[in-house]
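Presented below is the structure to which this report refers.
None of the figures in this text is laboratory data; all of them are computed from the coordinates on show. In this text, all values refer to a predicted model and were calculated from it rather than measured experimentally. Here Cβ is always computed from backbone atoms with ideal geometry, including for glycine, and neighbour counts include all displayed protein chains.
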């Protein structure tokens, strides 16, 4: 049955419907005969069906890995916008005893035979993924990536979280990482990409050179930035260009050792960092806490323990109640350093 | 492939040979899906190649695969109608009247430009339609899995997909992408 929302005079629309049904693998003989009657009963139907068929081939051919990656990112956005991350759901997922990270799904794309595969980590997990070209991605906590590479191109979409990429050198095939609407392009190098939940993206280069660019869209002009070793670019969707600074790139990948390097940053930065690895909520309500800066390397996998250690050097007291860690201001004592 | 081999031995047609090598298998599979008969699919593919060989390569051709598939589906309808009538009329009276491939955009760059708007077009879609379209059509995920995750029945899935595709096609056509005149009946 042709759905009623399609106008009976819209031959292209009906042709589209039949193509969807023909490729859907649950079309019975009766429905198939209905299609045949429609197809052959009127030259306009036959022509619309042929034109629609050609258009779909044309469309598939125009779907470059870059466009696919950007569309994939769109879907990720939608999931996080539509369903706010529910704490209970996360706990449920962990209760399901997922010890190692999970491959969400692998499948073969219809077009071109390239394999697209998703990889993810849960809260507090990390994982190493080796792609078919030999490149490696190390995934940090709460991270989702999708490999879209084929034989011609190498392409990864970072949908959420943070990953360190070690790209196998191959001058003939650039390696692309899409983050939201921006794209990072390299030939063979090591670099770290962190897509913060706030929408900010940090790209840090450990070796070699990478190019970060964002194509223009309706609201924004395009920009392009080349980064060398120990350079870090920070940008968000609305920025006209990235902010680039010199950094010790190894600091940015301390997470590989289960640590975070907090270098003269406010306490809130340390809390944000620790929160990535735990489902406990860290609450710092006292306004006096805002003025505290921290210069330390924190172990990230036990937030309570790390904060308790910090409490020895900064004026905070740490309380823990089930899933909430509470920080309060502690008047500097005699033993203050 | 026999027919093709024969005719190319008389007059090499590099373009057609490449077309068959690159897209022949996909075309045959698609024809099989549409015709539900392997022998019909093979016949139609042969007739299509023979016709394309006679007509020669169009002067401006941007997407050979789309061109091939369009021609083959036209040929399929002709083939079936002819079978149904069981008429003895010569093979090509009707077929020769449909050599024109729907005009494609004048430049490949133009198509690429239009595709850059795909993302914006997708953003306008209702969320479920968008999810179905992106995950199924663009990322190639499984129809049953997507439907199960979205909590919709397969019929609803197909309807979402149909609405989303029609919308995208119209918006891309407004930017000059896609066969023109397709809407005329």
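Taking the C-alpha atoms only, the angle from helix A:11-22 to the longest principal axis of chain A is near 70 degrees.
Calculated on the Cα set of the range A:175-238, radius of gyration then Dmax: 11.3, 34 Å. Build a GNM of chain A with springs between Cα atoms under 10 Å apart, and of A:135, A:198, A:222 the one that fluctuates most is A:198.
Convex hull volume per residue, computed on the Cα atoms of chain A, equals 184 Å³. Considering only A:232, A:60, A:117, the mean-square fluctuation computed in a Gaussian network model of chain A, springs between alpha carbons under 10 angstrom, is largest for A:60. Relative contact order, percent, of chain A when contacts are C-alpha pairs under 8 Å separated by at least 6 residues? Relative contact order, chain A: 9 percent. Sorted ascending by nearby beta carbons within 10 Å, beginning with the fewest, A:143, A:209 become A:209, A:143. Would you mind telling me the antiparallel percentage of the DSSP bridges in the range A:277-337, rounded to 5? Beta bridges within the range A:277-337, antiparallel portion: roughly 60 percent. With chain A treated as a Gaussian network of Cα nodes joined by springs under 10 Å, which of A:43, A:315, A:169 yields the largest mean-square fluctuation? Among A:43, A:315, A:169, the largest mean-square fluctuation in the Gaussian network model of chain A belongs to A:43. Going from the fewest other Cβ atoms within 10 Å to the most, the residues B:85, A:251 appear in the order B:85, A:251. Legend: ranking of residues B:133, A:32 from fewest to most surrounding C-beta atoms inside 10 Å; resulting order A:32, B:133.
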